[in-house]
Amino acid sequence: MAPPRILLCGDVLGRLNQLFKRVSSVNKAAGPFDALICVGQFFPESPEQLGELTDYIEGRSQVPLPTYFIGDYGIGAAKHLLSASKDSANLGFKMDGLKVCQNLFWLKGSGKFNLHGLSVAYLSGRHFSDGQQFGTYTQDDVDALRAIAEDPGIFDLFLTNEWPSGVTNRASTSDLPHGISDLPGSDSTIAELVAEIKPRYHIAGTKGIFYAREPYSNVDAVHVTRFLGLASVANKEKQKFIHAISPTPASTMSAVEISTKPLNTTLSPYTYTDQTVLAKEATKRPSDSDADSQYWRYDVSQKRQKYGAGDGDRLCFKFVSSGSCPRGDKCNFQHDENAREQSLRGVCFDFLNKGRCERGPNCNFKHSLQDEGESYSHKKRGSENASNRSRECWFCLSSPNIESHLIVSIGEYFYCALAKGPLVQDHILIIPVEHLPNTVLLPPETEIELGRFQNSLKRYYKNQGKSVVFFEWVSKRSTHANLQAIPVPSSRAAAVQDIFNLAAEKLGFKFVALRKNENSDGRKVLRTQFDKNFSFFYVELPDGTIFSHLVEENERFPAQFGREVLAGLLNMADRADWRNCSQSKEEETKMAEDFKNQFQEFDPNK
């Protein structure tokens, strides 16, 4: 089946006759096309242009093919969109567009829908806080997109009216349109959203110029994103306002196809902040003082204890969700350690902030605090607090939340369990029995047992014609450590070092290499590289070499780095995210029993 053919258009500004004349011409010459998507202001700038719009809405003129728009502002927008909202055919929850007239659909608020096999996410309106009923997006619209971004799968298209702040970071200066940095129409909230959604194409309007950025790589994803900024219809500068694409839906692509990166691919423009650009935009748009709302969702109860530099009652969304915030002490919102702990225990962010969640029973997270019988804001320290953490931790053997059916071997200091959502068959986690944040600083006596577990797994995998890669991500806010063991075909073992070096180069760092000798002192040397005040990643290659990297305070480092690199090595890009690999409890139980039966002769605890 041929991929869909889509036309993209910038700000229409009510110039529908000129737009559809051009569309009809392109459709006749190079079509047929399946749909037209418009970004930027759709409605006129002056009342004199309303007659043209009214002719289409009232049926005197015909829209030539299905047309979708998100620029719900301009002259006449309130009247026509209010009428569309009240139409009985548009009542209910419709993310695929409210019908304004035949072949014309308004994508309201935010959401996602399927367009000829393409997964499309959108955010309508602009970031203003002037109380308009139409033409502005709300925090709820942003939150809905953040929830959507957590769904499995890859988004093909992301539609916004304004450009994301910083999109030109790391771009080739020779391709930048003249004067681009002085033009209004950028939004830092959109930059945050697109970094989370990671679409294959991001399309925006508003700036009045055409710009096709080089593809850029995404953090925690194997595919690239292409940004397209489109000019307004019939602009005097004759900038390109209509563009055709024909992308194959990601859902039908192979792992190799989806992970292919063009030679001109750059690093993500959103992994650092261009302070100069942001400062210019702040002076142009006073309302950008509210742009920090991207880092929080809802007001926090006054009862909760606050941490961090902020003095307001709002949580920093980035800190709670990821454990770090690129703004550090300059962030205007609260870095709440208690909220972070609750998030790690699986508590819904909306519930933490609002006391309720609109997704209700459809939410995948918990709607209760996970430290029963204890005040959230006056949490006790010491042994009682550690006991509570152990009861709620997913990895503590004493916890009611542990998925014990995945455990395959238990020692004195460590136990082994099959990974949930495994990258490959026999993907194993080596986990300390004690509730500790990493395996690097464990007491020396535990290293002997850890070595036995690792050697047993090496023999087990070797018996199957495989080598093993061990790695651990140590966030400075980690709660319970796990050392991952992933088998790779022995024929690919020699390539492991090269692919980790290549991945490090793409992220802008180099590994420190430590050679493990016959006395197995590689981990002793590793400890000298470790600083508990920083996050840390290390990987032990099949030949015994250990690569380590100390993550700087403001450095963006993907938490699933090790898994993503090996997914690329094994051509399993679709399995880079463990959430795409979920299995039923029955399947997991059978998988664990099969492993135990095969591992029995190698198990050091038998």
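A few notes on this one:
- Scanning region 446-474 for residues that are open to solvent by 20 Å² or more (accessible area, probe 1.4 Å) and hydroxyl-bearing (Ser, Thr, Tyr) yields a count of 1.
- The set of residues in region 45-76 that are aliphatic (A, V, I, L, M) and surrounded by fewer than 22 Cβ atoms within 10 Å (Cβ to Cβ) comprises LEU50, ILE57, VAL63, LEU65, ILE75.
- Of the residues making up region 14-44, those that are open to solvent by less than 10 Å² (accessible area, probe 1.4 Å) and part of a loop (DSSP other than H, G, I, E, B) are GLY14, VAL39, GLY40, PHE42, PHE43, PRO44.
- Selected residue (only one of GLU505, GLU540, GLU552 is out of contact with any Lys or Arg (no Cβ under 7 Å at 6 or more places or on another chain) and under 21 Å from THR439 (Cβ atoms)): GLU540
- Residue match in region 512-529 (condition: assigned to a helix (DSSP H, G or I), at pLDDT below 75, closer than 22 Å to THR439 by Cα and small (Gly, Ala, Ser)): yes
- Search result, residues across region 500-511 that are part of a helix (DSSP H, G or I), open to solvent by 40 Å² or more (accessible area, probe 1.4 Å) and of a type outside the set (Lys, Arg): ASN501, LEU502, GLU505, LEU507
- Per this entry, ALA171 is counted among residues that are under 25 Å from the mean Cα position of the chain (by Cα) and either among the aliphatic types (A, V, I, L, M) or at pLDDT below 95 (or both).
- Test result for LYS236, open to solvent by 10 Å² or more (accessible area, probe 1.4 Å), part of a loop (DSSP other than H, G, I, E, B) and under 26 Å from VAL142 (Cβ atoms): no
- For beta carbons closer than 7 Å, sequence separation of 6+ or different chains, a first residue in region 440-469 that is assigned to a helix (DSSP H, G or I) and a second that is aromatic (Phe, Trp, Tyr) and open to solvent by 10 Å² or more (accessible area, probe 1.4 Å), the qualifying pairs are THR446/TYR413; GLU449/TYR413; SER456/PHE602; ARG459/PHE602; TYR460/PHE602.
- A single entry from PRO152, PRO177, PRO184 fulfils the requirement of being at pLDDT below 90, within 16 Å of the chain's Cα centre (by Cα), at negative phi and open to solvent by 10 Å² or more (accessible area, probe 1.4 Å): PRO152.
Conditions tested, residue by residue: (1) touching an Asp or Glu at 6+ places or on another chain (Cβ under 8 Å); (2) of a type in the set (Asp, Glu); (3) over 26 Å from ARG345 (Cβ atoms).
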| site | (1), (2), (3) |
| --- | --- |
| HIS405 | yes, no, no |
| GLU412 | yes, yes, yes |
| CYS416 | no, no, no |
| LYS420 | yes, no, no |
| PRO432 | no, no, no |
| ILE448 | no, no, yes |
| ARG459 | no, no, yes |
| LYS462 | no, no, yes |
| SER467 | no, no, yes |
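- Where a residue in region 248-268 is over 20 Å from THR168 (Cβ atoms) and open to solvent by 60 Å² or more (accessible area, probe 1.4 Å) and its partner, wherever it lies, is part of a loop (DSSP other than H, G, I, E, B) and hydrophobic (A, V, I, L, M, F, W, C), with Cβ under 8 Å and at least six apart: SER251/ILE154
The values are calculated or read from the model by the stated rules, or taken from the named source; none is laboratory data. The model shown is predicted, which means the values in this text are computed figures rather than measured ones. Positions of Cβ are backbone-derived with ideal geometry, glycine not excepted, and every protein chain shown enters the neighbour counts. Note: accessible area is taken over every heavy atom of the protein model, side chains too, but ligands, DNA and RNA are not part of it. Shrake-Rupley method; radii C 1.70, N 1.55, O 1.52, S 1.80 Å.
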